[in-house]
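Trainee: Got a structure for you, written out below as structure tokens; questions coming shortly.
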Ligand code: SF4
Ligand code: SF4
Ligand code: SF4
Ligand SMILES: [Zn+2]
């Protein structure tokens, strides 16, 4: 599966609290209904905590969710 | 949906039936389309509509006797459209359209004997179907004075279509017989030949066939040019069928004039007299006359429904979309949102001349989607969670009146009233006890969200719990205030006697608390009261007793419109739900009074002043129209607190329901945070769960500049993100968002 990069998706100043690490972009698997996507997302290099930033959640991601719901 | 059901529904909607003009015209010229284009000054396009349908249009448009006129619906409002004069104007003024292209030659040939109007029209129509045609006549002769060159131009067009005209031929019986030998079929224009040639008897009315095989003839004596042309077309159809060896009679009902089922409401049409024809129209007068055409159509249901309007078509088209949506196995379903957006209010059904019930179609489709597992998970989830909450331990109760061990009545305020106006519900209950004595109380949901979302199993489950609780009280008469509860429960529990609070109040009289401040208010009937004239009457008599003078919006009573909440529209498509509420709000200038908690909320949220009848009968601190509209979380808390307070104060019981761990998390929100939560339907309890999870796991993000924290949690099927700050005794929420996609193998 190819990795999708969504332009403008960055950590936006967030860092991992417990690990004290800056987030790095890495491929993350997202699933919804019966679909899977490999998306480049900010994550903690140490513990792997993934960030879904607000613009992504309410923008592109929401659109894809709606599409998958066959609307 | 089965295909037969689809056909039945489709057949009910008459929007696609012909307007009266086209149905009465033997050629079915689309006068509506023609007038519509001409009214928009599209002269050439309007002419093209005629030229497409009429044989020899240059001749016929100038001679047509307009049989449509007697049928035109405009006749009832000032006088029928002067279609004949409009045709003549177009024939003179328009550019000739592109020549018609006949079907490819089929290798067969036909003789037409007689060159009067019927014979020429028959030749035209037969040639269009791909036959080689030869006309035998003394001379083509259409029997009316026409401007120079008009007939010649049409004859030239016929020549290009492959019609040969043999002039100077005297039609005889021998000629007919000879042509029958030679050709595939022969048509005789009975009015274009001498009497002696009509030796074949009276042609059949439908087929124009004669007692000679392959010989077709018009019936003599037709004087109307439109009907002459139609006879030519009928002959062409018969010859086509004859040469193909198919049935000569099947499905020919719509060939001549027919009755149309189209219904067009004239109640808002102002009468307008025809523009005088005088010497004939010029462009200005023709445009003006064409504008008088009513563009006859039905659309009764669409006019009154924001939802039907939104999807830009009408039920006949929608029901096919619903059918197709269900038939899709793979690929994208296109109509899910459409199916889930109907308010199930029944207005369409009420106004439709054929009782087309879009609500029934949509509800059935929802049930099928649930059964097949194709219902989009997000569509009704929030509403169903809210219903589960209203039916949960923290909100549910069923008790006899304090100190009583039986109930004559039980008050059922419904989950929306207790969510939006717990004080009103409490005061109403006090009044009922005071004046009626043994009135028990039942707090829970009637199951409407389950029913509306098509989840029958869930609805039955919730109903059986409700019944058990009611039977536990001795099956008393139910006093319900919410019209939706009343409607749902009356249908689902025929064994119960369900009276509206409004009829109880009408009988008892107003309570002492009632605000008799008078004034003028517009009444908003909830859609659930559409079929309940008694309830609507009770409400009006109560308003009268309150000294209120009432105004009715255009859609009122049994024609009332839904506020946008019904059928869960507001959950599925909030923007459309709000548009429906707005339409309601804008319908009157006066402030509204209604008797459904959700109508009040939906309308008040548009910014319009709206009050619930409880605000007048059982007023609280605020002025009736000023009561705020609580947000999603507050609505839940209102129910919980109402139950707790009543248990404590009326039954001296402490609430036995223990708070869950997450409920102890203390949360406050900034204004922006609260707004984000409300818009995104994120509840305080969702946020509390995220914060509890962050506290326990230690996982969170921290912002380099603001120092704020960010944490996420997925309690069920939605992942929530909360941006917060720690305060001395809890958390301050700055923002929150959510999504449904799951991070695979990621955080909980
Ligand atoms: S009211 Fe609506 S459903 Fe009924 S016939 Fe007219 S367009 Fe069709
Ligand atoms: S008003 Fe227009 S559409 Fe209606 S019948 Fe008359 S010409 Fe036809
Ligand atoms: S919302 Fe009401 S009027 Fe509109 S289609 Fe649905 S049931 Fe009919
Ligand atoms: Zn980390």
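Trainee: Would you check if residue A:47 is in a loop (DSSP other than H, G, I, E, B) and at the interface with chain B (Cβ under 8 Å from one of its Cβ atoms)?
Mentor: yes
Trainee: Right, something else. Is one or more of the residues making up the stretch B:547-557 within 14 Å of chain A (Cβ to nearest Cβ) and away from ligand 2 (no atom under 16 Å from the Cβ)?
Mentor: Initially, the stretch B:547-557 is screened for residues within 14 Å of chain A (Cβ to nearest Cβ), giving none.
Within the stretch B:547-557, not a single residue is within 14 Å of chain A (Cβ to nearest Cβ) and away from ligand 2 (no atom under 16 Å from the Cβ).
Trainee: Let me ask you something else. Check B:508, B:521 and return the single one that is surrounded by fewer than 21 Cβ atoms within 10 Å (Cβ to Cβ) and in contact (Cβ under 8 Å) with a residue 40 or more places away in the chain. Break it down into steps so the answer makes sense when it comes.
Mentor: Details: B:521 fails: surrounded by fewer than 21 Cβ atoms within 10 Å (Cβ to Cβ).
Matching residue, one of B:508, B:521: B:508.
Trainee: Please identify the pairs in which a residue from the stretch B:331-354 that is assigned by the TED database to the domain that holds residue B:567 has its Cβ atom under 6 Å from the Cβ atom of a residue that is part of a helix (DSSP H, G or I), counting only partners at least 6 apart or on another chain.
Mentor: Every condition considered, no pair remains.
Trainee: Filter the stretch B:165-188 for residues that are closer than 23 Å to residue B:245 by Cα and in contact with a strand residue (DSSP E or B) (Cβ under 7 Å, 6 or more places away or on another chain) and give the result. Don't jump to the end; show me each part of the working.
Mentor: Let us first name the residues in the stretch B:165-188 that are closer than 23 Å to residue B:245 by Cα, namely B:176-188.
Once the filter is applied, which keeps residues that are closer than 23 Å to residue B:245 by Cα and in contact with a strand residue (DSSP E or B) (Cβ under 7 Å, 6 or more places away or on another chain), the stretch B:165-188 yields B:176, B:179, B:180, B:183, B:184, B:185, B:186, B:187, B:188.
Trainee: Looking at the structure I just gave you, is residue A:28 assigned to a strand (DSSP E or B) and at the interface with chain B (Cβ under 8 Å from one of its Cβ atoms)?
Mentor: Details: assigned to a strand (DSSP E or B): yes; at the interface with chain B (Cβ under 8 Å from one of its Cβ atoms): yes.
Yes; evaluated as a whole, the condition is true for this residue.
Trainee: Consider residue B:378 carefully, then state whether it is modelled with pLDDT under 95, in a loop (DSSP other than H, G, I, E, B) and either away from ligand 4 (no atom under 16 Å from the Cβ) or crowded, with 22+ Cβ neighbours inside 10 Å (or both).
Mentor: Spelling it out, residue B:378 is indeed modelled with pLDDT under 95, in a loop (DSSP other than H, G, I, E, B) and either away from ligand 4 (no atom under 16 Å from the Cβ) or crowded, with 22+ Cβ neighbours inside 10 Å (or both).
Trainee: Another question, then. Does residue A:39 meet the test of being more than 7 Å from chain B (Cβ to nearest Cβ), surrounded by 21 or more Cβ atoms within 10 Å (Cβ to Cβ) and under 11 Å from the mean Cα position of the chain (by Cα)?
Mentor: yes
Trainee: Of the numbered conditions (1) over 30 Å from the mean Cα position of the chain (by Cα); (2) modelled with pLDDT of 95 or more; (3) closer than 25 Å to residue B:590 by Cα, residue B:539 fails exactly one; give the number of that condition.
Mentor: (1)
Trainee: Could you list, in sequence order, the residues of the stretch B:15-36 that are part of a helix (DSSP H, G or I) and either free of Cβ contacts under 8 Å to residues at least 24 places away in the same chain or surrounded by fewer than 18 Cβ atoms within 10 Å (Cβ to Cβ) (or both)? Explain how you work it out, then say what you get.
Mentor: So in the stretch B:15-36, the residues part of a helix (DSSP H, G or I) come out as B:20-24, B:31-36.
Hit for the stretch B:15-36 is B:33, nothing else.
Trainee: Check every one of the helices (runs of 4 or more DSSP H) wholly within the stretch B:578-666 and list those with 3 or more residues that are at pLDDT below 95. Please lay out each step first, then the result.
Mentor: On the way: elements: B:597-604, B:613-617, B:632-651.
Helices (runs of 4 or more DSSP H) meeting the threshold: B:632-651.
Trainee: Also, quick follow-up: Evaluate the following for residue B:297: is it outside the structural domain of residue B:121 (by the TED database), more than 14 Å from residue B:39 (Cα to Cα) and either surrounded by 18 or more Cβ atoms within 10 Å (Cβ to Cβ) or in contact with a helix residue (DSSP H, G or I) (Cβ under 7 Å, 6 or more places away or on another chain) (or both)? Explain how you work it out, then say what you get.
Mentor: Details: outside the structural domain of residue B:121 (by the TED database): yes; more than 14 Å from residue B:39 (Cα to Cα): yes; either surrounded by 18 or more Cβ atoms within 10 Å (Cβ to Cβ) or in contact with a helix residue (DSSP H, G or I) (Cβ under 7 Å, 6 or more places away or on another chain) (or both): yes.
The answer is yes for residue B:297.
Trainee: For residue B:353, are the conditions met, namely being in contact with a helix residue (DSSP H, G or I) (Cβ under 9 Å, 6 or more places away or on another chain), away from chain A (no Cβ under 14 Å), more than 23 Å from residue B:380 (Cβ to Cβ) and within 16 Å of ligand 1 (Cβ to nearest atom)? First the steps, then the outcome.
Mentor: Details: in contact with a helix residue (DSSP H, G or I) (Cβ under 9 Å, 6 or more places away or on another chain): yes; away from chain A (no Cβ under 14 Å): yes; more than 23 Å from residue B:380 (Cβ to Cβ): yes; within 16 Å of ligand 1 (Cβ to nearest atom): yes.
So residue B:353 passes the test.
Trainee: Let me ask you something else. Tell me which residues, restricted to the stretch B:43-59, are in contact with a helix residue (DSSP H, G or I) (Cβ under 8 Å, 6 or more places away or on another chain) and part of a helix (DSSP H, G or I). Lay out the reasoning, then the answer.
Mentor: At the first step, the residues of the stretch B:43-59 found to be in contact with a helix residue (DSSP H, G or I) (Cβ under 8 Å, 6 or more places away or on another chain) are B:43, B:45-47, B:49-51, B:54-59.
Residues satisfying the conditions are B:43, B:45, B:46, B:47, B:49, B:50, B:51, B:57, B:58, B:59.
The values are calculated or read from the model by the stated rules, or taken from the named source; none is laboratory data. Please read these numbers as outputs of a predicted model, since none were measured by experiment. All Cβ positions, even for glycine, are placed from backbone atoms using ideal geometry, and neighbour counts span all protein chains on display.
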